[in-house]
Structure formats: C-alpha cells, structure tokens
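The values are calculated or read from the model by the stated rules, or taken from the named source; none is laboratory data. Fair warning: this is a prediction, and the values are worked out from it, not measured in the lab. Backbone-built Cβ (ideal geometry, glycine too); neighbour counts: all protein chains shown.
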Amino acid sequence: MAEALPLSGRSCVVTGGSRGIGAAVVRLMAAQGADVAFGYHHSADRAEALCEEVRAAHPGRRCAALPGEVSDGPGAQKFAAEALDFLDGRLDVLVNNAGVTRDVSFARMRRDQWDEVLDTNLGSMFNVTRPLVMPLVRQRKGTVLNVTSASGIHGAPGQTAYAASKSGIIGFTKALAKELGGLGVTVNAVAPGFIETDMTAALPGPHTDLVKSMIPTHAFGSAEDVAALLCFLASDRARYITGQVIEISGGLVL
Ligand SMILES: NC(=O)c1ccc[n+]([C@@H]2O[C@H](COP(=O)([O-])OP(=O)(O)OC[C@H]3O[C@@H](n4cnc5c(N)ncnc54)[C@H](OP(=O)(O)O)[C@@H]3O)[C@@H](O)[C@H]2O)c1
C-alpha cells in the first residue's frame, strides 16, 4: 500500500500566499496532501493563477485564493472566516507568512513607514491568529507557524522597524506556545536569512555579492528551502517541537 502523504487530509491557511515563500508553501502543502486556503493583498492575478496550477497538478485537492490584507483587523477577520468556511470549519495548520520590508535608516524613518511594517508583520499575528485559534483549540490538535526573520534575532542596519516586528513575532510565538501546548496545539517560528524572492531582488547587486560572501554557504536560500522546513513543522514528525525559532540562513550568523 502506498504511504500516506505527510499532510494528507490536513486543512491549511497561509497568509501572503501569492508570491515568494508563501507561494512555495502553498505548492508544497498541496503536493504533500493538504487542502489550502491562502490570502493575497495586491497580487490577485498571481494568486488565482497559483490556485489553478495547484488544482491542475493535484486533481481533487482543494485550493482557494482569498483577499487577505493582514494589517487591517476587520479585513483579516473576514479573510479568516472565509478561509475557515472554505475548509468546512476544519483547521490544522496556520502559516502566518505575509510580511513587508521598508528599509531605511532610523534617522530618516517616517512614522508611517514604522507603522506599516509593524502593522503588517506583527499586527497580523493578532489579526489573523485570534479568529483562528479556537478552531485549533477545539480540535485539541494543530499548529501555528510564524515566519519571522534572522533580522529579528540578530538585527540589521536599516531594519529597525522590520527587526522590531520580527522580534515581536518571536515573543508572540513563545508565549502562545506556552498557552496552547497543554491544549494539543504547537506554535513555532522559522527565521529565514537571505532567500531569493521579490523581497531580496530589490537589494543592490554589490550589496548582494557582499552578503553572499559572508554567508558560509555563499548563496541565498530558495523559497522552496523555507517551504520544506515549514511543511516538516506542519507534519506529525514535528509533533514534539513547540515554542522554537528555527533559523534557515545558510549559517548567516554562527
Ligand atoms: N526573502 C527573504 O529573504 C526573507 C528573509 C527573512 C524573512 N522573510 C519573511 O518571509 C515572509 C515572506 O517573504 P517573501 O520573501 O516571500 O516576500 P515577497 O516575495 O515580497 O512576498 C510577500 C507576500 O506577502 C504578502 N503581503 C505583503 N503585505 C501584505 C498585507 N498587508 N496583507 C496580506 N499579504 C501581504 C504579499 O501579497 P501580495 O503580493 O498579494 O501583495 C506576498 O504574497 C515575510 O514575512 C518576510 O518578512 C523573508
């Protein structure tokens, strides 16, 4: 008999699934047997195309692309409700992935830049997780996976707002893991270093070369590398892991 796929029968919600790491997570979760509802903000066409790609690649698997602006409380709540509805009220895995950078030195940073980064990256942890936590708890099984950043652990120049938001995600992850562990729900974070997506494509070439020379593996990671880690954490194989922050950065800081 064929071995069951690692995420067979799981219902997953992913924020920011239209591009980059989130899109790779949607693809891999579906390939590993899951039904997926994912959110997008601006990239509606890419999100719909991804959904069609997933349905074509995995007939019978369910996939929905839903508007999901995570920095807006009522909007995120609507996204969470629609995602849950699409998944027939069942939720096994929530991946809080959506995020933005607005890199600028602190001396030049405007308040609206600070607010946008904090509201999107950290505010979304409340906005999306709060309406979805009870379905996980009622089931006494499930996992919340938060995408933080190596910058949230180590800091990086030009990223005071981003690092603050990503550090906040780490505190949120550990506290929620302590609250939910006894209720059968695990909570972990992954902390990518430099990953090849639109986010890092904006870096100037000479800066990219310098950074690569400082990474022990001399290369940026791929969105698929991060998706593989998240799918492992979403699987039963990771059932005894909670409250952890797992860095995936080619050894960026050792
Ligand atoms: N790439 C890296 O090197 C790196 C390193 C460390 C951590 N991370 C983290 O990994 C996560 C994904 O990054 P990425 O590299 O894949 O970025 P990306 O390619 O820029 O994609 C960002 C995703 O987040 C969504 N998003 C942005 N703002 C949103 C909002 N307000 N509401 C809902 N969705 C929103 C985007 O949706 P639309 O396109 O639909 O607007 C898109 O799907 C982020 O949390 C990021 O901080 C990335």
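Structure values in brief
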| read-out | value |
| --- | --- |
| Qualifying positions in region 192-210 - closer than 18 Å to ALA228 by Cβ and more than 6 Å from the ligand (Cβ to nearest atom) | GLY193, GLU196 |
| Near pairs, Cβ below 9 angstrom, 6+ apart or cross-chain, from region 174-189 (without any contact (Cβ under 8 Å) to a residue 40 or more places away in the chain) to any residue that is buried (at least 20 other Cβ atoms within 10 Å of the Cβ) and not in a helix (DSSP H, G or I) | ALA175/VAL187; GLU179/VAL185; GLU179/VAL187 |
| ASP103 being under 30 Å from PRO157 (Cβ atoms) and of a type in the set (Asp, Glu) | yes |
| Residue count, region 159-196 (criterion: farther than 19 Å from VAL93 by Cα and touching a strand residue (DSSP E or B) at 6+ places or on another chain (Cβ under 9 Å)) | 6 |
| Residues that are more than 15 Å from VAL185 (Cα to Cα) and charged (D, E, K, R), drawn from region 79-96 | GLU82, ASP85, ASP88 |
| Criterion violated by ASP236 - all others in (1) modelled with pLDDT of 95 or more; (2) under 28 Å from ASP119 (Cα atoms); (3) of a type outside the set (Gly, Ala, Ser) satisfied | (2) |
| Number of the exception - ALA31 against (1) crowded, with 19+ Cβ neighbours inside 10 Å; (2) within 27 Å of MET199 (Cα to Cα); (3) away from the ligand (no atom under 16 Å from the Cβ) | (1) |
| Selection count, region 88-115, where residues are over 19 Å from ASN146 (Cβ atoms) and touching a helix residue (DSSP H, G or I) at 6+ places or on another chain (Cβ under 9 Å) | 11 |
| Helices (runs of 4 or more DSSP H) lying entirely in region 175-248 (those with 3 or more residues that are crowded, with 17+ Cβ neighbours inside 10 Å and under 15 Å from the mean Cα position of the chain (by Cα)) | 223-234 |
| Lone qualifier among VAL100, VAL25, VAL70, VAL54 - being among the hydrophobic types (A, V, I, L, M, F, W, C), within 16 Å of the ligand (Cβ to nearest atom) and closer than 21 Å to VAL185 by Cα | VAL25 |
| Residues that are of a type outside the set (A, V, I, L, M) and more than 16 Å from the ligand (Cβ to nearest atom), drawn from region 107-138 | ARG108, ARG110, ARG111, PRO135, ARG138 |
| Test: THR148 is under 29 Å from GLN113 (Cβ atoms) and either touching a Lys or Arg at 6+ places or on another chain (Cβ under 7 Å) or at pLDDT 95 or above (or both) | yes |
| Evaluation of ASP92 against (1) farther than 30 Å from ALA164 by Cα; (2) touching a strand residue (DSSP E or B) at 6+ places or on another chain (Cβ under 9 Å) (one fails), failing number | (1) |
| Spans of strands (runs of 3 or more DSSP E) in region 24-113 with at least 1 residues among the acidic types (Asp, Glu) and free of Cβ contacts under 8 Å to residues at least 12 places away in the same chain | none |
